[in-house]
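Read through the structure below, which is laid out as structure tokens, and then see the notes.
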Amino acid sequence: MATIRASCPDCGDVELTTADVHVRICDDNNAGTYSFRCPHCEMTVVKSAEPRTIDLLVASGVSFTTWRLPAELSEPRVGDPINHDDLLDFHDLLANDSALEQALAEFTG
């Protein structure tokens with residue numbers, strides 16, 4: 001089993017085995033990360049990695065999973081972005097039962 005050197009933000013350099021590391025690769029843009037639990041402080045560490053590093057980790061036997069970007073990123077955006085006032089109005093609407101019922105009735109037709 002290969003030994004992998006990584007760095008924990010709190011503990012510094014640590015040595016891991018291939019079983020201690022997991023890789024995630026995005027199918028849409030090939031972005032990759034690897035994660036591990038620090039053997040000293042037991043914190044989970046997640047780091048971005050270049051494709052070359054990801055390839056080396058996977059080739060050495062590190063397990064990996066793939067994922068896709070959310071479909072919502074491809075949806076057209078219409079209208080102005082929400083702002084702080086919109087959030088306050090929404091909060092007020094949620095706190096007012098009769099206004100919420102009325103808004104839901106208008107929405108459902």
Within the stretch 10-23, the residues that are surrounded by 13 or more Cβ atoms within 10 Å (Cβ to Cβ) and over 16 Å from V62 (Cβ atoms) are C11
Being free of Cβ contacts under 8 Å to residues at least 60 places away in the same chain, within 13 Å of I25 (Cβ to Cβ) and either part of a helix (DSSP H, G or I) or not assigned by TED's automatic domain parsing to the domain that holds C26 (or both) narrows L104, L73, L57 down to just L57
Residues in the stretch 24-53 that are surrounded by 15 or more Cβ atoms within 10 Å (Cβ to Cβ), farther than 17 Å from L69 by Cβ and of a type in the set (V, I, T) total 1
Among (1) in contact with a His (Cβ under 8 Å, 6 or more places away or on another chain); (2) in a helix (DSSP H, G or I), D85 falls short only on (1)
Please tell me if R52 is of a type in the set (D, E, K, R) and in contact with an Asp or Glu (Cβ under 7 Å, 6 or more places away or on another chain). no
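The values are calculated or read from the model by the stated rules, or taken from the named source; none is laboratory data. These numbers come from a predicted model, not from an experiment. Don't worry about glycine lacking a Cβ; one is built from the backbone with ideal geometry, like all the others, and counts go over all protein chains shown.
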